[in-house]
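Shown next, in structure tokens, is the structure this report addresses.
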Amino acid sequence: MKNENSLDVYIVAGEKDLHLLRHLLMSYELFFNSKGKIYLWIWKKHEYLMRNIELPKNLALLFKDDVAELVEDDFRNQMYLKLIAHQFVESDWLWMVDADFLITAPLCKNDFFSEDKPYWSYCDWHKVPEKIWRQGSEKFIGHNIPQQFFDQSQFVFSKKVLENLSNNYDLKKFLNEKYLASEFLVYGFYSYENFNEIYQWVDSSIHNGPFVTYKVNQRPPSYCELDENIQLRKIPPAKICIFWSHWEKAEKKMIEFLIDAQLQVFGEVKCKPDDSKLFRYWDTKNIDDGSFDGLDGVHLDGWLMQEAWCCLETDHRSILCLELLVPNPPDGRHPLHLDIEINSYHKKVKLEPGLKPLTLNLEKNFENKIILRFEGGFLEPNGSRTLYAKLESFRLTSGNN
């Protein structure tokens, strides 16, 4: 029989988010007091990474491979999978969670509900980047959406609403149309218009309301507030902290917050977060195709973060040739240094500005664990990230060509 005091959790994880997921799951085990079932979506090819994560006993693993209509764009996939959750779950309510969420205080179902109705926020449209979602969402829903419905990242979905939405709209448009809609904006507006009575609606442009979430670094108006010195004790009271998964300091800060949360609640660290690297495979096929999918610590434009790492299972070719573009540092800056770790063996090199070749000698037919750690770097002009070096090219060779 279903426990009325429990709340199920629904997570659609991307491959790059799995290193953050382990901290979310630890915080869930420590602080969530209304445990129901956890539904977790991944691709089968990433199942090997789950062996390195301690999984809750109530977790149900679902495979994206079993949903035939999914597309190459996994960002679109995750929105679609949330909107068809009613096909896979039994409970009436689902808390939608991303891998970069962290529970930082005792949390229960009552924190999300008032008189059996979950809270949902709406507010005026701000002059911020969130407006890009409005046009696509209005195209999908066929109506003007006068307010935005994702100001507070506290999303409890109703199975009944999802079923009704699915019956009235072609949800596959989230996968296939050129425009980009927001699953939370579409769901929130549809619920407000058609199932208003089942939610407690809070106008967050007037007051913060009863919400228990806090966005650590995706805050308006820029949504790029990346404060490396932020601490749990310095933020407003909250029970759920939300990080930006693309922030290179996200995992470091999640670990810090998780330790501090335990000290605040228990007076001790009951569970030490795992800060070891979660090594994804950088397949030789991806390397041959010019794709750095599988290499962690790299921005979409090729700029490397302070640490970049992968597991490279070599074939007969055991030499990885990289070309790094090293920028000129501002006056007075120290030169860039790189610590290369291959299978626990270290080598340090100094990188002068310009296009620099880098040759990594690997073991043949072996799962090589590679970590690149930079020392130095400087803040990007008119940007929010630190520049170290840009990965211009890469190839595997046997040394004979």
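Rule-based calculations on the coordinates, nothing more; no lab input. Just so we're clear, the structure is a prediction, and the values are computed from it rather than from any experiment. Note that each Cβ is placed from the backbone with ideal geometry, even for glycine, and that neighbours are counted across all protein chains shown.
Would any residue of the stretch 296-328 have its amide N under 20 Å from a label point 7 Å out along Cα→Cβ of residue 378? List them or say none.
Counting only backbone N, you get 303-307, 324-328.
Could you tell me the calculated FRET efficiency between residue 229 and residue 193, based on Cβ-Cβ distance and R0 = 45 angstrom, to the nearest 0.05?
Plugging the Cβ-Cβ distance into 1/(1 + (r/R0)^6) gives 0.55.
What is the fewest-to-most order of 82, 173, 347, 35 by other Cβ atoms lying within 10 Å of their Cβ?
So the residues, fewest neighbours to most, are 347, 173, 35, 82.
Tell me which GluC sites (Glu not before Pro) from the stretch 41-91 have a DSSP coil assignment and no more than 14 other beta carbons within 10 Å of their own.
Hits after loop and neighbour filter: 54, 69, 72, 90.
Length gain on complete extension for the stretch residue 143 to residue 363, per 0.36 nm per residue less the alpha carbon to alpha carbon distance?
73.3 nm
Quick one: give the max-minus-min coordinate of the C-alpha atoms of the stretch 234-358 along each principal axis, largest first, in Å.
Result, largest extent first: 51, 43, 28 Å.
Any idea what the dipole of the stretch 284-397 comes to, in debye rounded to 20, about its Cα centre with Lys/Arg Cβ at +1 and Asp/Glu Cβ at -1?
Dipole of the stretch 284-397, to the nearest 20 debye: 320 debye.
What does the net charge come to around residue 350 if you take all other residues with beta carbon closer than 13 Å to its beta carbon, with K and R at +1 and D and E at -1?
Neighbour charge sum, excluding residue 350 itself: 0.
Suppose only helical runs count, i.e. DSSP H with n ≥ 4. What mean residue ellipticity at 222 nm does that imply for the chain under -39500 (n - 2.57) per run, divided by all residues and rounded to the nearest 500 deg cm²/dmol?
-6000 deg cm²/dmol
In the stretch 326-401, which GluC sites (Glu not before Pro) fall in coil by DSSP and have 16 or fewer other Cβ atoms within 10 Å?
363
Set the Förster radius R0 to 45 Å, insert the Cβ-Cβ distance between residue 321 and residue 69 as r into 1/(1 + (r/R0)^6), and round the FRET efficiency to 0.05.
0.70
From the phi angles alone, apply the Karplus equation (6.51, -1.76, 1.60; θ = phi - 60°) to the stretch 51-68 and give each ³J(HN,Hα) in whole Hz, x where the residue is Gly or Pro.
Along the stretch 51-68, the couplings run 5, 9, 10, 7, 9, x, 5, 8, 8, 10, 8, 10, 10, 4, 4, 7, 10, 4 Hz.
Over the Cα atoms of the stretch 133-205, how large are the radius of gyration and the largest Cα-Cα distance (Dmax), in Å?
Cα-based Rg and Dmax for the stretch 133-205 come out at 11.9, 33 Å.
From zero outward in steps of 5 Å, how is the percent of C-alpha pairs of the stretch 165-303 spread across the bins?
Over the stretch 165-303, the share of Cα pairs per 5 Å bin runs 2, 7, 11, 13, 13, 15, 15, 12, 9, 3, 1, 0 percent.
Using only Cα atoms and rounding to the nearest 10 degrees, what angle (0 to 90) does helix 250-266 make with the longest principal axis of the chain?
50
Do the alpha carbons of any pairs in 285/347; 139/252; 45/109; 159/272; 37/131 sit beyond 32 Å of each other, and which pairs?
139/252; 45/109; 159/272; 37/131
So how far apart, in nm, are the two label points at residue 347 and residue 131 if each is 7 Å from Cα heading toward Cβ?
5.2
How do 62, 21, 40 line up, fewest other C-beta atoms within 10 Å first?
Final ranking by Cβ density, sparse to dense: 62, 40, 21.
About the Cα centre, and with charges only on the beta carbon of Lys, Arg (+1) and Asp, Glu (-1), how big is the dipole of the stretch 7-266? Nearest 20 debye, please.
Approximately 260 debye in magnitude.
Can you list the equivalent-ellipsoid semi-axes of the stretch 97-148, largest first and in whole Å, using the square root of 5 times each Cα gyration tensor eigenvalue?
Working through the eigenvalues yields semi-axes of 28, 16, 11 Å.
In which sequence would 103, 206 go, from the one with the fewest C-beta neighbours within 10 Å to the one with the most?
206, 103
So how compact is the stretch 284-397: Cα radius of gyration and Dmax in angstrom?
Rg then Dmax for the stretch 284-397, in Å: 14.1, 45.
What number comes out for the charge environment of residue 122, summing +1 per Lys or Arg and -1 per Asp or Glu over other residues with Cβ under 10 Å away?
Net charge in that neighbourhood comes out at -3.
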